[in-house]
Amino acid sequence: MNALLEFGENFLDISVEPPETIFVFDVKSNGFTGCGECEVDEEDISRFVSELEEMYRLERDNAKLQSVFGYESRVEFIMRKTGHVIVCGKASCLKHSVEFEFEADQTVLPSFIKRLREMLNAIEESDI
């Protein structure tokens, strides 16, 4: 399963295969590309999705998902007052890493959030 956020030539593509809670993500930001792994707990994923939903409703100004073990990978969304979203973070895997940042319009968030919610539901169902 994956959740893809695209804006122009830039993208963030997060994937996970339940029952795992290791997010693998690919990013392209202003011509640079990278991939990273983000090992998280199910609660971290749930919190991140809720934070994104709140951010889209303009109830908060950021949402962040950060690896709890091993890799230094992280993904952060920051809402600007203009309605644009900064997508930034660090894609890290083994000895390689790339820091990234690109701007997107908030209209790309609903489909991205929906796919993340579907991924979370699949993880929760696999725990049963």
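When the stretch 69-128 is examined, which residues are found to be more than 12 Å from the chain's Cα centre (by Cα), charged (D, E, K, R) and closer than 23 Å to Asn30 by Cα?
Those that are more than 12 Å from the chain's Cα centre (by Cα), charged (D, E, K, R) and closer than 23 Å to Asn30 by Cα: Glu72, Arg80, Lys81, Lys95, Glu99, Glu101, Glu103, Asp105.
Does the stretch 48-57 contain any residue that is within 12 Å of the chain's Cα centre (by Cα) and either more than 17 Å from Leu120 (Cα to Cα) or among the aromatic types (Phe, Trp, Tyr) (or both)?
yes
Which residue pairs have Cβ atoms closer than 8 Å, lie 6 or more positions apart in sequence or on different chains, and pair a first residue in the stretch 103-128 that is farther than 17 Å from Phe23 by Cα and of a type in the set (S, T, N, Q) with a second residue that is assigned to a helix (DSSP H, G or I) and modelled with pLDDT of 85 or more?
Gln106/Tyr56
How about the stretch 52-68: which of its residues are surrounded by fewer than 20 Cβ atoms within 10 Å (Cβ to Cβ) and either in contact (Cβ under 8 Å) with a residue 60 or more places away in the chain or not basic (Lys, Arg) (or both)? If you could, list the steps in order and put the result at the bottom.
Within the stretch 52-68, the first condition is being surrounded by fewer than 20 Cβ atoms within 10 Å (Cβ to Cβ), and the residues that meet it are 53-54, 56-62, 64, 66, 68.
Matches in the stretch 52-68: Glu53, Glu54, Tyr56, Leu58, Glu59, Asp61, Asn62, Gln66, Val68.
Please specify each residue of the stretch 73-115 satisfying the condition of being part of a loop (DSSP other than H, G, I, E, B) and loosely packed, with under 15 Cβ neighbours inside 10 Å.
Arg80, Lys81, Thr82, Gly83, Leu94, Lys95
If I filter the stretch 11-41 down to residues being in contact with a helix residue (DSSP H, G or I) (Cβ under 6 Å, 6 or more places away or on another chain) and either in a strand (DSSP E or B) or surrounded by 15 or more Cβ atoms within 10 Å (Cβ to Cβ) (or both), which single residue comes out as modelled with the highest pLDDT?
Applying the filter and picking the extreme gives Val16.
Across the stretch 119-128, which residue is modelled with the lowest pLDDT among those that are assigned to a helix (DSSP H, G or I) and either among the polar types (S, T, N, Q) or loosely packed, with under 13 Cβ neighbours inside 10 Å (or both)?
Ser126
Would you be able to say whether some residue in the stretch 53-72 is of a type in the set (Phe, Trp, Tyr), part of a helix (DSSP H, G or I) and closer than 14 Å to Ile14 by Cα? Spell out the reasoning first.
Going residue by residue through the stretch 53-72, those that are of a type in the set (Phe, Trp, Tyr) are 56, 69, 71.
Keeping just the survivors that are part of a helix (DSSP H, G or I) gives 56.
Now narrow it down to the ones that are closer than 14 Å to Ile14 by Cα: none.
Taking every residue of the stretch 53-72 in turn, none turns out to be of a type in the set (Phe, Trp, Tyr), part of a helix (DSSP H, G or I) and closer than 14 Å to Ile14 by Cα.
Collect the residues in the stretch 1-47 that are aromatic (Phe, Trp, Tyr) and within 11 Å of the chain's Cα centre (by Cα), keeping them in residue-number order.
Phe11, Phe23, Phe25
The values are calculated or read from the model by the stated rules, or taken from the named source; none is laboratory data. What you are looking at is a predicted structure, and each value in this text was computed from that prediction instead of being measured. Neighbour counts are summed over all protein chains in view; Cβ atoms, including those assigned to glycine, are modelled from backbone coordinates with ideal geometry.
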